[in-house]
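Below is one structure, written out as structure tokens; the observations come after it.
The values are calculated or read from the model by the stated rules, or taken from the named source; none is laboratory data. These numbers were taken from a predicted model, which means no experiment stands behind them. So basically every Cβ, Gly included, is an ideal-geometry build from the backbone, and we count neighbours across all protein chains shown. Surface accessibility is based on the protein's heavy atoms, side chains included, excluding ligands, DNA and RNA. Shrake-Rupley method; radii C 1.70, N 1.55, O 1.52, S 1.80 Å.
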Amino acid sequence: MTDKHLHIATQNLLIPAELDESILSKVIHSMMGHDIDYADVYMQSSRHESWVLEDSLVKEGQYNIEQGVGVRAVSGEKTGFAYSDEIILPALTSAANAARAIANQGQTGSIRSWDKRAVPALYTEEDPLSVLTAEQKIHLLRTLDEAARKIDPAVKQVIASISGVHEVVLVAANDGTLSADVRPLVRMNVSVIAERDGRREQGSAGGGGRVTYNYFLEEERALGYAREAVRQALVNLDAKAAPAGAMPVVLGPGWPGVLLHEAVGHGLEGDFNRKGSSVFSGRIGEQVASKHCTVIDDGSIASRRGSLSIDDEGTPTQQNVLIENGILKNYMQDKQNARLMNLPVTGNGRRESYAHMPMPRMTNTYLANGNYDPQEIIKSVDKGLYAVNFGGGQVDITSGKFVFSASEAYMIEKGKVTYPVKGATLIGNGPESMNLVSMVGNDMSLDTGVGVCGKEGQSVPVGVGQPTLLVDRLTVGGTSA
Amino acid sequence: MNQITKKVSSEAATPLNTAELKDIVATMLNEANAKGATAAEAGLSIETGLSVTVRLGEVETVEHNRDRSFGLTVFFGKRKGSASTTDFSRQAVTDTVQAACDIARYTEEDEFAGLADKESLAMDYPDLDLNHEWQLSTEEAIEIAQQCEDTALAVDKRINNSEGGYVTTHQDYRIYANSHGFNGDYFSTRHSTGCTVIATEAERMERDYWYTVSRNPQNLDDPDYIGKMAAKRVLQRLGATQTKTQKVPVVFQAEVARGLLGHFVRAVNGSAQYRRSSFLLDKLGETIFPERIRIDERPHIKQAIGSAPFDSEGVINRAHDLVTDGVLQSYVLDSYAARRLNTTTTGNAGGVHNLFIQHDDKDLQGLLKEMGTGILVTEVMGQGVNIVTGDYSRGGTGFWVENGEIQYPIEEFTLAGNLADMYKNLALVGNDVDTRSSLCTGSWLLNEMMIAGS
């Protein structure tokens with residue numbers, strides 16, 4: 001609960017700097033000139049470590065410590081922002097002065113008393129890094145290396161990594177927000193090179209979430225990543241040239257949900273829509289996808305990589321229905337864009353760190369279940385592509401063009417999955433492609449916890465998901481005519 | 001809307017005290033030595049700068065930044081540990097050294113680990129004239145950014161929205177030191193101006209951009225030129241259609257041809273070689289480009305964007321050929337990869353510095369004439385490049401060309417092939433060399449690629 005987090009944040013961020021709630025209140029108060037209608041302070045400390053195995057040896061280890069404070073003052077449409085990598089009162093005061101400088105000085109405005117709402121914690125506050133000793137982390141990586149090599153002699157190279165972040169944040173704002181969050185985030189990855197008859201292919205798999213390293217030991221998850229990476233590499237050793245041209249494409253469940261992230265997600269972020277630069281601008285209430293599509297962004301799913309108990313402006317996250325049965329319902333908002341568009345906040349105000357300004361960002365974005373059995377969907381296709389794993393994607397939110405790159409795909413011929421094909425890029429136009437989604441399966445799953453989303457130079461962890469689905473027509477960028 | 005960003009820290013107003021910073025690095029190396037490290041290296045960087053963005057004539061952000069970090073790698077024999085921090089206090093320095101040493105207790109011996117050999121270090125390094133501060137007030141920066149955007153918006157009424165114009169000016173100060181006694185430092189600057197505008201026709205929007213970048217503010221292109229280029233590019237995209245699935249010759253405009261040169265660098269990088277994860281594996285001495293092609297690195301060009309006086313291990317970086325007469329002459333190596341491959345470092349720790357591919361005697365128009373009928377690619381999208389296999393499949397935007405003349409814009413197509421074949425199919429390199437990055441090339445004409453469209 002927030003009270004507990006606030007206690008941890010106080011111990012970690014305020015007490016070492018000889019600060020307290022009343023000083024924060026004074027700093028925010030000092031920014032509330034008559035033109036300022038919003039001001040906040042964001043404090044953060046984080047510890048990050050990573051261990052990497054290569055050539056069957058754990059040769060690399062890294063440890064980083066970062067902390068700082070960001071201060072923001074908003075006046076109508078103007079925002080003043082300043083940050084410092086020292087959490088001490090003089091730095092805080094000087095940042096506050098810089099932030100308020102954008103507005104005229106004048107009479108002092110008021111701030112609301114702290115509203116310490118209890119927000120349910122979506123993840124553990126336990127330090128994820130310290131649940132295993134250094135020896136145990138190294139042992140785990142070696143186990144994966146051995147397991148991967150044992151599966152098939154074609155496996156020639158294994159790179160395995162484990163990394164974790166433990167972060168404490170505190171947000172205080174003149175609207176009464178005083179919230180803290182203690183955020184764990186762990187990640188494992190296994191990447192292999194398989195070599196047979198002079199041909200080399202890569203496979204990689206991983207996962208994680210807002211959990212501790214113990215997550216990887218449960219249900220043999222870590223071993224599962226090793227097996228999955230080898231499986232993908234071996235499949236690709238047998239892959240033939242991918243087809244070229246427009247055709248029906250069946251996307252598998254889970255990570256292929258990167259389709260939604262690119263085809264609709266970015267285009268529904270509030271800032272682009274306020275500026276009118278998105279292909280979805282001004283289209284609330286319109287049909288922007290087929291009636292089979294209900295797209296949801298939900299930052300409140302327990303322990304997921306893209307989840308947050310509170311966003312980086314102190315707003316509790318929630319389930320937001322973006323598209324319901326094909327009709328555009330909502331954009332994703334931070335406080336500033338919500339205010340400027342006169343829409344409610346949605347808990348999507350996120351920032352990479354104290355040194356970056358918040359903006360509307362996705363959390364866990366997925367397509368809701370439909371009614372079809374996945375096998376029935378494949379059976380319906382005479383000739384097309386079945387893509388089950390992807391690298392990343394990219395979108396031009398203005399024209400709506402998006403791409404995403406398959407890393408594991410198969411041909412579908414006469415309703416049957418036949419042979420594996422090489423990776424290929426798929427290209428489409430957001431609203432057009434979403435209108436061509438004609439069958440949605442009943443096997444919705446979220447990805448394993450590997451997504452990183454980049455926007456305007458800021459990276460944040462995200463999740464994606466979907467059930468098996470059919471797009472009647474997407475352009476597949478293979479080499480075989 | 002207006003956003004003003006300002007980074008402040010307690011020493012923001014004071015000039016850099018380079019002696020003090022060198023002292024921090026020296027202290028770090030001494031403490032590592034005192035804790036029993038047999039070797040250590042430390043790097044420190046401080047970047048200060050001003051960035052201004054405007055949108056539709058109004059100031060959007062003004063950011064004064066001062067970002068700093070330093071990191072340490074320690075070796076205990078063949079074991080290695082690294083740590084970094086943004087906190088320059090005495091206590092943080094001590095804690096960081098301790099953290100790196102703690103990690104080195106657990107990592108396993110790597111027979112190739114270590115600093116670059118002492119003989120390879122650039123004990124005397126050149127001044128490359130990389131530091132040209134731009135004495136620019138915030139108001140002047142705003143004016144230049146506005147001029148870029150205003151010029152673009154004024155060109156045509158179909159240009160009716162904008163993602164804004166910008167000006168950035170940054171100065172970087174770096175120190176690299178190691179326990180072989182190397183201690184190098186240098187200042188460099190980087191300035192840039194650009195804008196991105198949106199045009200609408202028949203309810204369909206397109207956006208495009210243009211920018212200029214230089215170490216020396218006097219060499220930046222004029223804001224009016226930037227605005228006109230952005231406007232020209234966005235207007236050309238209006239009314240784009242799909243093209244059919246077919247095999248045709250393709251010209252990659254210089255800005256996107258740069259990516260193809262970049263994939264080559266990744267494939268001949270030492271780590272891709274010793275990991276056996278390159279489509280150009282073990283190709284040293286083999287023909288990988290047509291015979292006339294030469295690719296060479298020139299790390300010490302005065303004022304160039306990619307220049308550096310020494311590499312990020314303190315090693316001497318020299319001008320050398322990577323490809324001569326189409327034959328691969330050298331990998332891109334740091335000292336670790338060199339030891340793994342039983343050769344010597346090429347001074348490429350941290351990457352390549354000013355790579356050039358020899359161009360032919362034709363400009364972009366000449367390349368289109370030579371191509372006759374095919375596609376001019378002006379933008380590529382997505383991550384569909386597999387360095388292990390060379391498989392290439394990316395989204396594209398560009399123009400349909402007939403008889404050497406641009407006919408109409410096309411979009412929503414993919415380009416696919418294998419990079420090894422694409423390099424062998426390189427028919428011509430244009431003389432329209434883009435020197436805005438460390439990879440310098442003109443446009444490329446490739447004999448044939450698979451295009452997927454409607």
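A few notes on this one:
- Averaging the sequence gap over all C-alpha pairs within less than 8 Å and six or more residues apart, then dividing by the number of residues, gives chain B a relative contact order of 14 percent.
- Separation of the A:E220 and B:T344 label points, Cα + 7 Å toward Cβ, nm: 5.2 nm
- Chain B, accessible area per residue, ligands and nucleic acids excluded (1.4 Å, Å²): 39 Å²
- Förster radius 25 Å - calculated FRET efficiency between B:E402 and B:D360 (Cβ-Cβ, nearest 0.05): 0.70
- Among the protein heavy atoms, those of A:S94 account for about 50 Å² of accessible surface (1.4 Å probe, every chain in place).
- Computed over Cα pairs, the Kirkwood radius of the protein assembly as shown leads via Stokes-Einstein (0.890 mPa s, 25 °C) to a diffusion coefficient of 84 µm² per second.
- At least 50 Å² of accessible area lost relative to the chain alone, listed for the stretch A:256-278 with a 1.4 Å probe: A:K275
- Rounded Å value of the spacing that divides the Cα centres of the stretch A:270-289 and the stretch B:348-366: 41 Å
- Quarter the surface of the alpha carbon convex hull of chain A and you get the mean projected area, 22.8 square nanometres.
- The length gained by stretching the chain between A:E18 and A:K156 to full extension, at 0.36 nm per residue less their Cα-Cα distance, is 44.2 nm.
- Peptides B:386-394, A:380-388 ordered by average Cβ neighbours within 10 Å, highest first: B:386-394, A:380-388
- The stretch B:299-454, relative contact order in percent, only Cα pairs under 8 angstrom and at least six apart counted: 21 percent
- With a Förster radius of 56 Å applied to the C-beta separation of B:E140 and A:V321, the computed FRET efficiency comes to 0.75.
- Judged by the mean number of other Cβ atoms found within 10 Å, the most tightly packed of the peptides B:86-99, A:203-216, A:459-472 leads the ranking A:459-472, A:203-216, B:86-99.
- Simple spin-label estimate for B:N160 and A:N371 in nanometres, 7 Å along Cα-Cβ: 4.2 nm
- Peptides ranked, highest mean first, by Cβ atoms within 10 Å: ranges A:79-86, B:427-434, A:117-124: A:79-86, B:427-434, A:117-124
- Here is the short version for chain B: B:C101, B:C440 have no other Cys C-beta closer than 4.7 Å.
- Mean separation of Cα pairs under 8 Å and 6 or more residues apart, divided by the residue count, gives the stretch A:40-97 a relative contact order of 30 percent.
- P(r) of chain B over all Cα-Cα pairs, binned every 10 Å from zero, in whole percent: 4, 17, 24, 26, 19, 8, 1, 0
- The mean count of C-beta atoms from other chains within 10 Å of the C-beta of residues in A:237-247, rounded to a whole number, is 4.
- Secondary-structure-derived ellipticity at 222 nm for chain B, considering helices only, amounts to -7000 deg cm²/dmol, per-run term -39500 (n - 2.57) for DSSP H runs with n ≥ 4.
- Cβ-placed point charges (K, R +1; D, E -1), dipole of the stretch B:6-149 about Cα centre in debye, nearest 20: 700 debye
- Residues in the stretch B:76-120 occluded by at least 30 Å² - accessible area, probe radius 1.4 Å, against chain by itself: B:K80, B:S82, B:S84, B:T86, B:I103, B:Y106, B:T107, B:E108, B:D110
- Listed residues B:N342, B:Y408, B:G165: farthest to the positive end of the dipole of chain B (Cβ charges): B:N342
- Carbon + sulfur, % of accessible area of the protein assembly as shown - ligands and nucleic acids excluded, 1.4 Å: 47 percent
- Length gained on full extension, A:A481 to A:R196, computed as 0.36 nm times the residue gap minus the Cα-Cα distance: 99.9 nm.
- Alpha-carbon centroid distance for the pair the stretch A:113-178 / the stretch B:397-435, whole angstrom: 44 Å
- Among the residues of A:53-61, the average count of other protein chain beta-carbon atoms within 10 Å of the residue beta-carbon is 6.
- Taken across both chains, chains A and B shield about 5900 Å² of accessible surface from a 1.4 Å probe.
- Two-site FRET efficiency, B:D95 against A:H7, from Cβ-Cβ distance with R₀ of 25 Å, rounded to 0.05: 0.50
- B:Q246 versus B:M123: modelled label distance in nm, points set 7 Å from Cα along the beta carbon direction: 6.4 nm
- Alpha carbon centroid spacing (whole Å) that separates the stretch A:1-51 from the stretch B:161-195: 31 Å
- Of the residues making up the stretch A:421-456, those losing 50 Å² or more of accessible area when the isolated chain is joined by the remaining protein chains, with a 1.4 Å probe, are A:T425, A:I427.
- Inter-chain shielding of B:411-420 (mean C-beta neighbours from other protein chains, 10 Å cut-off): 5
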